[in-house]
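Enquirer: Below you will find the structure I want to go over with you.
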Amino acid sequence: MASRLRWYYWSVATQGHTTIEMLHQDLEGCRRCPRLVEWRERVARERRAAWAHEQYWGRPVPGFGDPRARILLFGLAPAAHGANRTGRMFTGDRSGDFLFASLWRCGLANQPTSTSRGDGLRLKGVWVGAAVRCAPPANRPTPEERETCLPWSVAELAFLRRVKVAVCLGAFAWDAALRLNAAISGPAATVPRPRPKFGHGAEYDGRPLKLLGSYHPSQQNTFTGKLTPDMLDGVLRRAATAARVRGSGALG
């Protein structure tokens, strides 16, 4: 059985964006979640000592990647001193180091590191986004914040019509992707019941997006061995096969 999606999302798609760049300009000005606005801006003001000399981004973070992407990498939210600092998803933190090294090994990135928006990184067949676009306190967005932010992903995917597979990095992203799949299908769409269970390597043959699950590349998971490089590489290679993205060996 399936349950009707709670269709109360505010509209982004009807606001006249003719390019993804226009969409991202509006996204970067979003202030719909007061708790997230307060936190992202406080972190940007106070900064961590290691980056006290840098100007933090301190705004919602847009997705990025190959405009012809067939794979969506769907994370949780920007890290306070990672993407909230650099302005690019999974950029400037240990999670990103782990993730982009894997993309490079799988031939889906031209380099194994992601340090800044101007570092020359190029992705092949991959777009990187997140369920929530502002850094949350303690890395824990609320369900309400997830729902409020979902339309930005819906609108982004309207410009990425080749995307066929979503790799969900963690249970929160998996749950958000189930809702995203329903949302991009239209107002009569449903979220499946019972919900497909998240796990590393889990697969849900949804429409229009197939979902693949991976543990999040957080330090908690990678330092303890819960997520290893081989485990993440395996999921990304499955995604590339399912989406028909050729990516054998590292890109030059």
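Enquirer: Could you count how many residues in the stretch 117-132 are surrounded by 15 or more Cβ atoms within 10 Å (Cβ to Cβ), in a loop (DSSP other than H, G, I, E, B) and among the small types (Gly, Ala, Ser)?
Expert: 2
Enquirer: Continuing with the same structure: Taking CYS30 as meeting all but one of (1) surrounded by fewer than 16 Cβ atoms within 10 Å (Cβ to Cβ); (2) in contact with a Pro (Cβ under 7 Å, 6 or more places away or on another chain), write down the number of the exception.
Expert: (1)
Enquirer: State whether the residues of the stretch 70-93 include one that is surrounded by fewer than 22 Cβ atoms within 10 Å (Cβ to Cβ) and not in a loop (DSSP other than H, G, I, E, B).
Expert: Taking every residue of the stretch 70-93 in turn, none turns out to be surrounded by fewer than 22 Cβ atoms within 10 Å (Cβ to Cβ) and not in a loop (DSSP other than H, G, I, E, B).
Enquirer: Also, quick follow-up: Quick one: is ASN221 without any contact (Cβ under 8 Å) to a residue 24 or more places away in the chain and crowded, with 16+ Cβ neighbours inside 10 Å? Explain how you work it out, then say what you get.
Expert: Working: without any contact (Cβ under 8 Å) to a residue 24 or more places away in the chain: yes; crowded, with 16+ Cβ neighbours inside 10 Å: yes.
Criteria met by ASN221.
Enquirer: Would it be correct to say that ALA109 is within 17 Å of ALA79 (Cβ to Cβ) and buried (at least 23 other Cβ atoms within 10 Å of the Cβ)? Show your work before the answer.
Expert: Details: within 17 Å of ALA79 (Cβ to Cβ): no; buried (at least 23 other Cβ atoms within 10 Å of the Cβ): yes.
No.
Enquirer: Right, next: With the condition being under 15 Å from the mean Cα position of the chain (by Cα) and either small (Gly, Ala, Ser) or within 25 Å of ASN110 (Cβ to Cβ) (or both), I'd like the helices (runs of 4 or more DSSP H) fully within the stretch 133-252 carrying at least 3 qualifying residues. Spell out how you get there, then give the answer.
Expert: Details: elements: 143-157, 171-183, 219-223, 229-243.
Here the list reads 143-157, 171-183.
Enquirer: Next question. Taking VAL191 as the residue in question, decide whether it is among the β-branched types (Val, Ile, Thr) and under 18 Å from ASP66 (Cα atoms). Talk me through it step by step, then tell me what you get.
Expert: On the way: among the β-branched types (Val, Ile, Thr): yes; under 18 Å from ASP66 (Cα atoms): no.
When the stated conditions are applied, VAL191 does not pass them.
Enquirer: With (1) in contact with a strand residue (DSSP E or B) (Cβ under 9 Å, 6 or more places away or on another chain); (2) crowded, with 16+ Cβ neighbours inside 10 Å; (3) in contact (Cβ under 8 Å) with a residue 40 or more places away in the chain; (4) closer than 23 Å to PRO141 by Cβ as the list, and PRO192 as the residue in question, which single condition is left unmet?
Expert: So PRO192 meets the others, but not (2).
Enquirer: Sticking with this structure for a sec: Taking VAL191 and the conditions (1) at pLDDT 95 or above; (2) closer than 28 Å to LEU36 by Cβ, which numbered condition does it fall short on, given that it satisfies the others?
Expert: (1)
Enquirer: May I ask you to list pairs of residues, at least six apart or on different chains, whose Cβ atoms are under 6 Å apart, with the first in the stretch 95-123 being farther than 22 Å from ASN139 by Cα and the second being basic (Lys, Arg) and surrounded by fewer than 17 Cβ atoms within 10 Å (Cβ to Cβ)?
Expert: ASN110/ARG122
The values are calculated or read from the model by the stated rules, or taken from the named source; none is laboratory data. The structure presented is a predicted model; accordingly, all values stated were derived computationally and were not measured. Quick reminder, even Gly has a Cβ in these numbers, built from the backbone with ideal geometry, and neighbours come from all protein chains shown.
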